[in-house]
Amino acid sequence: MAEKENTPEISVIIPVYNVEKFIGRCLLSLVGQTFRSYEVIAVNDGSTDSSGDILRSFAEKYDFIKVIDQKNAGASKARNAAIRAARGKYFSFVDSDDYVAPTFLEELYYACKDYDADISCCYYYFHYIENDLLLEYPFRCKGVLDRTQAMKKLLHDVQIQSLLWNKLYRRELFTDYNITFPSMCFEDIATLDKIFLHANRVVVLDRPLYYYNQHASSTLATISTEKINDFVQSMAMVRLSLEGNGVYEKYKKSFKAMLNKTCGCCHLYIMQIHAEKKCFRGFLANIRRVDRILRELSEEDFDTSAFVRERPDIVAEPQKLEKDYSVR
């Protein structure tokens with residue numbers, strides 16, 4: 001009985017890898033939460049800096065912080081390990097280089113409870129570390145949404161984005177459907193639609209409660225061909241999930257909107273990697289290859305399962321691009 005009484009309402013999951021400059025502030029923001037029934041599970045993913053020592057110092061001081069050490073295997077496997085260890089009725093995911101408002105957990109928790117929602121969402125600030133500038137995410141909505149409404153907004157990826165960390169999830173959305181994170185970049189995009197497909201109700205708070213740090217080692221600040229290829233792959237995984245659940249036709253229009261947004265982002269990322277290499281040989285080939293695959297992803301006869309299984313590279317490194325990278 002005592003163990004049941006001590007079961008936390010929320011498990012906050014944090015994958016940690018070489019973020020010694022940021023993890024202290026992240027943990028301090030969680031220690032200072034106004035909501036008290038929660039645990040923090042931080043997975044040290046083989047950090048080689050002092051991140052592990054910082055985690056252990058917090059765990060020694062606060063009994064609701066648990067540290068799991070693993071060999072470096074990536075954020076996805078770190079999150080999966082934390083899910084297996086989590087005891088909470090709800091899951092929250094925080095990136096180790098970000099931080100949250102004092103009422104982050106409280107507001108998301110009571111939004112779920114008050115509206116009988118399976119997922120609650122908040123908005124966020126972009127925090128630009130270099131000049132300490134805060135900008136609110138501009139494209140916002142609010143209110144209670146049914147599954148269809150929430151899925152359409154998620155797939156449009158503007159008002160409810162495929163971001164893991166600004167949301168609270170009922171535990172069963174993961175455990176009842178054996179949902180885990182794939183080992184890739186943009187794994188949240190490849191996973192969120194699976195979770196939302198089983199949510200009967202989603203509530204959106206029109207308040208920024210999460211601080212998304214932008215710095216030199218952020219995911220999008222260190223874009224690469226591998227990450228762009230994973231981005232395209234995540235689109236195929238979303239379509240495969242929709243097909244597997246028999247709802248692709250229902251959400252096809254919203255999925256195409258997601259592809260259009262992805263196409264624009266990929267163009268910018270390709271420009272970035274070629275500019276960083278100071279080599280624009282093959283730039284147009286990379287653009288056209290992405291355009292072709294994303295266009296094919298919206299076609300009726302596209303073999304989604306084969307594409308996901310084979311995981312072909314779409315974008316090639318600028319210095320390695322040769323004439324045989326033909327464009328159909």
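Residue pairs, Cβ under 9 Å, 6 or more apart or interchain, first in region 128-140 and in contact (Cβ under 8 Å) with a residue 12 or more places away in the chain, second aliphatic (A, V, I, L, M). List them.
If the second residue must be aliphatic (A, V, I, L, M), the pairs left are Tyr128/Leu134; Tyr128/Leu135; Ile129/Ala216; Glu130/Ala216; Phe139/Val158; Arg140/Val204.
Here is a check on your reading of the model: is Lys61 of a type outside the set (Phe, Trp, Tyr), under 21 Å from Asn6 (Cβ atoms), out of contact with any Pro (no Cβ under 6 Å at 6 or more places or on another chain) and surrounded by 15 or more Cβ atoms within 10 Å (Cβ to Cβ)?
no
Which condition does Leu284 not pass, out of (1) aliphatic (A, V, I, L, M); (2) over 17 Å from Ile195 (Cβ atoms); (3) surrounded by 14 or more Cβ atoms within 10 Å (Cβ to Cβ), if it passes all the others?
Exception for Leu284: condition (3).
So is Tyr169 buried (at least 21 other Cβ atoms within 10 Å of the Cβ), under 24 Å from Gly88 (Cβ atoms) and not acidic (Asp, Glu) or not?
yes
Against the condition at pLDDT 95 or above, in contact with a strand residue (DSSP E or B) (Cβ under 6 Å, 6 or more places away or on another chain) and surrounded by 16 or more Cβ atoms within 10 Å (Cβ to Cβ), how does Val204 come out, does it pass?
yes
Just name the residue that is nearest to Phe186 (Cα to Cα) out of those in region 211-250 that are touching a residue at least 24 places away in the same chain (Cβ under 8 Å) and of a type in the set (Asp, Glu).
Asp230
How do the pairs read when you match residues in region 289-311 that are on the phi < 0 side of the Ramachandran plot and among the β-branched types (Val, Ile, Thr) with residues anywhere that are surrounded by 15 or more Cβ atoms within 10 Å (Cβ to Cβ) and assigned to a loop (DSSP other than H, G, I, E, B), using Cβ under 7 Å and keeping only pairs 6 or more apart or on different chains?
Once the first residue is on the phi < 0 side of the Ramachandran plot and among the β-branched types (Val, Ile, Thr) and sits in region 289-311, its partners that are surrounded by 15 or more Cβ atoms within 10 Å (Cβ to Cβ) and assigned to a loop (DSSP other than H, G, I, E, B) give Val290/Ile314; Val290/Val315; Ile293/Ile314.
Of the residues Arg25, Arg79, Arg56, which single one is at pLDDT 95 or above, among the basic types (Lys, Arg) and touching a Pro at 6+ places or on another chain (Cβ under 6 Å)?
Selected residue: Arg79, the only one of Arg25, Arg79, Arg56 that is at pLDDT 95 or above, among the basic types (Lys, Arg) and touching a Pro at 6+ places or on another chain (Cβ under 6 Å).
Taking Lys278 as the residue in question, decide whether it is surrounded by fewer than 20 Cβ atoms within 10 Å (Cβ to Cβ), charged (D, E, K, R) and under 17 Å from Arg292 (Cβ atoms).
No: the conditions fail for Lys278.
Which condition breaks for Tyr169 when tested against (1) of a type outside the set (A, V, I, L, M, F, W, C); (2) in contact with an Asp or Glu (Cβ under 6 Å, 6 or more places away or on another chain); (3) not in a loop (DSSP other than H, G, I, E, B)?
So the condition that Tyr169 fails would be (2).
Do any strands (runs of 3 or more DSSP E) lying entirely in region 93-152 carry at least 1 residues that are closer than 25 Å to Ala82 by Cα, and which ones are they?
Here the list reads 119-128.
Which residue pairs have Cβ atoms under 8 Å apart, sit 6 or more places apart or on different chains, and have a first residue in region 35-50 that is closer than 11 Å to Ile65 by Cα and a second that is assigned to a loop (DSSP other than H, G, I, E, B) and of a type in the set (Gly, Ala, Ser)?
Partner pairs satisfying both residue conditions: Tyr38/Gly88; Glu39/Ala86; Glu39/Gly88; Ile41/Ala86; Ala42/Ser96.
Within region 75-98, can you find the residues that are within 15 Å of the chain's Cα centre (by Cα) and not aliphatic (A, V, I, L, M)?
Ser76, Lys77, Arg79, Asn80, Phe91, Ser92, Phe93, Asp95, Ser96, Asp97, Asp98
Can you find even one residue in region 190-200 that is more than 23 Å from Tyr109 (Cα to Cα) and outside the structural domain of Asn260 (by TED's automatic domain parsing)?
Looking through region 190-200, at least one residue is more than 23 Å from Tyr109 (Cα to Cα) and outside the structural domain of Asn260 (by TED's automatic domain parsing).
Need pairs with beta-carbon distance below 8 Å; first residue within 13 Å of Ile195 (Cβ to Cβ) and within region 150-171, second of a type in the set (A, V, I, L, M, F, W, C) and at pLDDT below 95; sequence gap 6+ or separate chains.
Partner pairs satisfying both residue conditions: Ile160/Cys141.
From the residues in region 119-155 that are surrounded by fewer than 16 Cβ atoms within 10 Å (Cβ to Cβ) and touching a His at 6+ places or on another chain (Cβ under 9 Å), which one is nearest to Ser254 (Cα to Cα)?
Leu135
The values are calculated or read from the model by the stated rules, or taken from the named source; none is laboratory data. Small disclaimer: the values here were computed from a predicted structure and weren't measured. Using ideal geometry, Cβ is built from the backbone for each residue, glycine included, and neighbour counts are taken over all protein chains shown.
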